[in-house]
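Engineer: Okay, handing you the structure first.
None of the figures in this text is laboratory data; all of them are computed from the coordinates on show. The structure displayed is predicted, hence computed values, not measured ones. Cβ atoms come from the backbone with ideal geometry, glycine included; neighbour counts cover every protein chain shown.
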Amino acid sequence: MKTHPFLLFTCRLLAVVLGLIAGTAAHAQQMPQDNWQSYGLQFSSPTPGNSLSSIAIGTGGVYVGEVEGGSSWPTRILQFTEGGVFIQRFTTTFTDIVGITCDPAGNVYVLDGGASSVTKLDKNGAFISQWGSSGTNNGQFGAFAGDTTMIAADKNSQVYVFDRGNSRVQVFDANGNFLRTWGQQGSLPGQFQFWGGWVGAIFVSSNGLVYCFDGVASVFDINGSFLTSMTSYVFGGGLLSRSISVTCDGLVSVIGSSGWGLVNVIFDPGHMFSQILSIPVSNFGPNMGSAFSKRGDLFYVLDSQVVVYQRQYASVQNSLSPPAIPLPNVLDNAQRAGTSWMDIDYQVTDADNPMVGVTTGVLAFVNGGTTLNEAVVMNTFMENSGTNVGLNQPTGVPLHLTWNMAADWSVDYSQVQIEVLAKDSRNLLGFQWITVPASNGNPAIQVCSKSISDSALLDLWFYLLATHQPGISLSNGTITGNADPYNGVVLAITSGTYPNDASSTTAAGRTYLYNLLGVQAITPAQITQAQGGNYGFTSVDSNSVVKLP
């Protein structure tokens, strides 16, 4: 199965089966509209077998602690892009990383539980400073016992250390100068008891609330004044937490242990339940950690990899899950004996909208290829079966096609796969718009949270070819426009030969598709505007799009 930010494809039997899913419209920030779904993005250490522990996200990307071979605790920092591309392994080493955090300037702070110290690095890993030692005085730390989220930073670059060995929180400025402390051992509100093994986590939200988890959840202001406790029935009142993180609009994520295993609970500050994400792991050990990106995607460490749950807008039909997408399935396909005809049986299911018409299309791919070079557009259907593909096809019932291969395909003999595509009333691509307010004379813009990749556009070309979009034609792996203003213009092209070929969309092709989708390419000035705000656009590039005004 292949998954893309905008389209979801489901594979099958003797044929490749494809279904399009469109995403969301303008994004609401409060429940019950929010829904987190597995994004399919997973990344791990470049050294196979090395575990990961602790995570933070800053302007320089995603930072994860690495447990190298032969060590018991994380000793190095790995840097990735938010898309999971490995950047580097920092040269600075540690004894036992028990927390990582980033300040607004992008600096990275690493809490070393083995050395009882905080190390400050720039976003690229260059050493800046270090402070702390073992002890009970201000600026000294007690034992951390294998925790993973014991350091946090606020919007003013003040650094908070959950000093569990001394049952307190200590606060420092960005240079390591001690500022203040609060807390003591006990079970009264605002006190810490650290029961339950490796329990312990801290996070500072953008609105200045300090969340401390030590088996129960306590909330303080930045000066240490106790405000409230938080509970969840999922954890039986207490929150046996491995990790805590908070979205920019105040929704809280807690990864912890429940009666049925390891789960993640996301809820609002008013204690209202939002969503449970089951985490498929039996080892409730030290290799944990979680962090939200600025746009609200949840990244969490799961033993040896980082898993991403994308924040999405949930349908009003069901506040905890989006509407089902149409899922096509090739039931059977075979060449009819003595002819060049292929009989194809397929069916589209739609769990929450049975018997509602969808648009379908079919493509053939030779030699198992996945580029425009191997795609064959199916135009010629026999025995009046062409009415069983295209607009307003029923769901939940088998549909039959008879394709005349010889009429559309010049190859005498080859292995062929059939791909069925289905689309419901949603857009061809799903866009999650985030509004960037007006600034410095620039008008407000709505930017899609993720740039559009070539692979996403290739899938879109396949859909347009399969459904016979007028104005384009495919020949020798190249899509060309055949109507003004794109008549004769190359829109997509394939380089190389099978199996090392690759298809890409030209600049004119992007303009063609953007017009079709009702969006426009982001300008250099708009990139600067988006990256300059607190909107999570660390990866905005020339392939990003903005909503038409």
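Engineer: Give the relative contact order (percent, whole number) for the range 447-508; include only Cα pairs under 8 Å separated by 6+ residues.
Structural biologist: Numbers: 73 pairs, mean separation 14.5, N = 62.
RCO, the range 447-508: 23 percent.
Engineer: Another one. Counting only the backbone N, which residues of the range 442-467 are under 19 Å from the spot 7 Å out from the Cα of Asn427 toward its beta-carbon?
Structural biologist: Of the residues in the range 442-467, 444-464 have backbone N under 19 Å from the label point off Asn427.
Engineer: In square nanometres and to one decimal, what's the mean projected area of the convex hull around the Cα atoms of the range 388-440?
Structural biologist: Details: hull surface 33.2 nm².
Mean projected area for the range 388-440: 8.3 nm², to one decimal.
Engineer: Residues with beta-carbon under 12 Å from that of Ala291, excluding Ala291: net charge, scoring Lys, Arg +1 and Asp, Glu -1?
Structural biologist: Numbers: positive: Lys294; negative: Glu82, Asp297.
Summing Lys/Arg as +1 and Asp/Glu as -1 gives -1.
Engineer: Treat the count of other C-beta atoms within 10 Å as a stand-in for reagent exposure and order Leu209, Leu517, Leu491, Leu363 from fewest to most. Walk me through the numbers before you get to the answer.
Structural biologist: Values: Leu209 19, Leu517 16, Leu491 25, Leu363 22.
Ascending number of Cβ neighbours within 10 Å: Leu517, Leu209, Leu363, Leu491.
Engineer: Still on this structure, I have one more. By a straight-distance test (C-alpha under 18 Å), which lysines pair with Lys547 as possible cross-link partners, with residues fewer than eight away in the same chain excluded?
Structural biologist: Lys450
Engineer: Still on this structure, please answer the following. Among Cys212, Cys448, what is the fewest-to-most ranking by other Cβ atoms within 10 Å?
Structural biologist: By the 10 Å Cβ count, ascending, the order reads Cys448, Cys212.
Engineer: Convex hull over the Cα atoms of the range 327-423, averaged projected area in nm²? Working shown, then result.
Structural biologist: Values: hull surface 24.9 nm².
Mean projected area for the range 327-423: 6.2 nm², to one decimal.
Engineer: So what is the diffusion coefficient of the range 433-547 in µm² per second by Stokes-Einstein at 10 °C and 1.306 mPa s, using a Kirkwood Rh over Cα pairs? Kindly include the intermediate steps, with their values, before the conclusion.
Structural biologist: Details: Rh = 15.5 Å.
Estimated diffusion coefficient is 102 µm²/s.
Engineer: Step through the residues of the range 520-528 one at a time and calculate ³J(HN,Hα) from phi using the Karplus curve (6.51 cos²θ - 1.76 cosθ + 1.60, θ = phi - 60°), rounding each to whole Hz and writing x for Gly and Pro.
Structural biologist: So the J values, rounded to whole Hz, are 9, 5, 6, 8, x, 5, 6, 4, 4.
Engineer: Pop the C-beta distance of Ser504 and Arg336 into the FRET formula with R0 = 25 Å and round what comes out to the nearest 0.05.
Structural biologist: Working: r = 37 Å, r/R0 = 1.47.
That gives a FRET efficiency of 0.10.
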